[in-house]
1. Would you pick out the residues in the range A:152-190 that are within 18 Å of the chain's Cα centre (by Cα) and charged (D, E, K, R)?
2. So, in the range A:4-40, exactly how many residues are surrounded by 12 or more Cβ atoms within 10 Å (Cβ to Cβ), of a type in the set (A, V, I, L, M, F, W, C) and not in a helix (DSSP H, G or I)?
3. Within the range B:92-102, restricting attention to residues that are hydroxyl-bearing (Ser, Thr, Tyr) and open to solvent by less than 20 Å² (accessible area, probe 1.4 Å), which residue is farthest from the other protein chains (Cβ to nearest Cβ)?
4. I'd like the full set of residues that are at pLDDT 90 or above and not in a loop (DSSP other than H, G, I, E, B), limited to the range B:165-181.
5. Given the criterion more than 14 Å from chain A (Cβ to nearest Cβ) and without any contact (Cβ under 8 Å) to a residue 24 or more places away in the chain, identify the matching residue among B:81, B:76, B:86.
6. For residues that are assigned to a helix (DSSP H, G or I) and either surrounded by fewer than 19 Cβ atoms within 10 Å (Cβ to Cβ) or touching a Leu at 6+ places or on another chain (Cβ under 7 Å) (or both), tally how many sit in the range A:209-229.
7. Being within 14 Å of chain B (Cβ to nearest Cβ), touching a Cys at 6+ places or on another chain (Cβ under 6 Å) and either within 30 Å of residue B:118 (Cβ to Cβ) or at pLDDT 95 or above (or both) is the requirement here; does residue A:141 meet it?
8. Please pick out the residue among B:231, B:245 that is in contact with a helix residue (DSSP H, G or I) (Cβ under 9 Å, 6 or more places away or on another chain) and open to solvent by 10 Å² or more (accessible area, probe 1.4 Å).
Amino acid sequence: MAERSGFHALAVEAGELAGFAGRFFRNAFHARFEWRELVRQAAINGYQSLPLVGITAFIMGLVLTVQSRPTLARFGAESMLPAMVAISVVREIAPVITALICAGKIGSSMGAELGSMKVTEQIDAMEVSGTNPFRYLAVTRIWSTTLMLPVLVVLADAIAIWASWVGVNIRDTVSWPLFYRQVFDSLEYGDFLPAFAKSYLFGFAIGVVGCFKGFTTAKGTEGVGRSAHTAVVVASLLIFILDLIAVQITDLLGLT
Amino acid sequence: MAATDTPPVAERVIAVRDLQVAFGTNKVLRGFDLDLYRGENVMVLGKSGSGKSVLIKCIVRLLSPDAGRIEVLGQDVLALDQEQLDHLRVRIGFLFQSSALYDSMTVQENLEFPLRRHWLATSRAATEALVDEVLTAVGLAHTRAMYPSELSGGMKRRIGLARTLILKPEIVLYDEPTTGLDPITGREIVELILQLQRQYNTSSIIISHDLNVAKLAANRIALLHEGRNRVEGSYTDFLASNDPVVKEFFIFM
């Protein structure tokens, strides 16, 4: 493939990525579904991401609480702390931070793993044995990230809110039932549902980009490295773009 | 061991006509023709980078040619849809130069992989039996639980061969089966290829620049030079040839 540059390259890449996503939808509900591989990928991409996501969510909840307190205290609105933290965590911080963490962890591993398989002809070997490597490798991975990311986001929500309670209790004493009530009095379905919906999109973006980069790896070992890092960069960027679009849609629907 | 006697007139299993492939401005194949008959071993001889691998990758449509016709087992390869192509591919084995074993799976899982995907083995016992059979055939029954990274180059090639044969293909395409192996191991692989060909009754195209392969395994040799099938003949024909390009290959003999 000839080296392209600038805007043209970007447009071509975006087109190819869209084509790859289209190919996913054509194969996503195929009768010969690789259930075992889906479960294995869900465990790798979901369950094994939990410690990292959990620690990040805990720190984000705690730090956000500690940092916001002085400002709220200046207005005598310290009692709003649980509500404020909960809303910002649920609406934005948990989905985006979780997605970015996963883009880094899952995107790079997919880009590198599939990229290595590509350059060592393992993907070709699957293809010539008459099995569809796209269905076995890509469809299962994309499904796994799409389905697991919302689960991780909900867990991150819960952990960050609990961490916020810990943060409040560094200086004050607030019981967990009271904190919990304050949080859930302030949260509405309109806060939770759009965030939940967009985390499916984030998961899908991570899976598609990781697999696309892996499948299109060229030029040996260096190409594998490039696939791994561009998968992270493109997936992260796409997460922000999707976030931007999602916020406009929820705004138009009057959910803000 | 030498397979020099040409088999009687047999069914044609592969016909390649006027195959043209270019990468950018680099025209690799410029109208290549080749026939393969049932039960025959054809070797395609050529220098590195002459487009030998490109040829067999076109036959299984890993690469799409720019022009030409490829017929395999009576089907026009370039006109098949994905489903039909996958069915045809089961009947064609392909041994990669790098062996291309799935390195995150054990030998056993490598061998089971194509079986599972095609529902060819109906039970656990049937799968086991097939795995046993091919592993014994390549003489590596003890490697079942090993990972590809624990195997030597020659062993990888054998397992690659076993994985190809487990689907009982009618045609096997070998991409440089002896390259990167020491002469003794290379010779063992050639002998294994011949033994398996008799056992499984396959027809094959062997891509190589190894004259041992030419001498021991090929019923017919085709010389790929500058993108075309320059000359065809048996090993003895090639030895006696006056063609300067053929002579270049045999200069060290």
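The values are calculated or read from the model by the stated rules, or taken from the named source; none is laboratory data. In this text, all values refer to a predicted model and were calculated from it rather than measured experimentally. When we count neighbours, we look across all protein chains shown, and the Cβ atoms used for this are built from the backbone with ideal geometry, even at glycine. With ligands, DNA and RNA removed, areas are computed over all heavy atoms of the protein, side chains included. Shrake-Rupley method; radii C 1.70, N 1.55, O 1.52, S 1.80 Å.
1. Passing the criteria: only A:157.
2. Looking only at that region, the number is 2.
3. Checking each candidate, the answer is B:99.
4. Within the range B:165-181, B:171, B:172, B:173, B:174, B:175 meet the criteria.
5. B:76
6. Selection size over the range A:209-229: 12.
7. Spelling it out, residue A:141 is indeed within 14 Å of chain B (Cβ to nearest Cβ), touching a Cys at 6+ places or on another chain (Cβ under 6 Å) and either within 30 Å of residue B:118 (Cβ to Cβ) or at pLDDT 95 or above (or both).
8. The unique qualifying residue is B:231.
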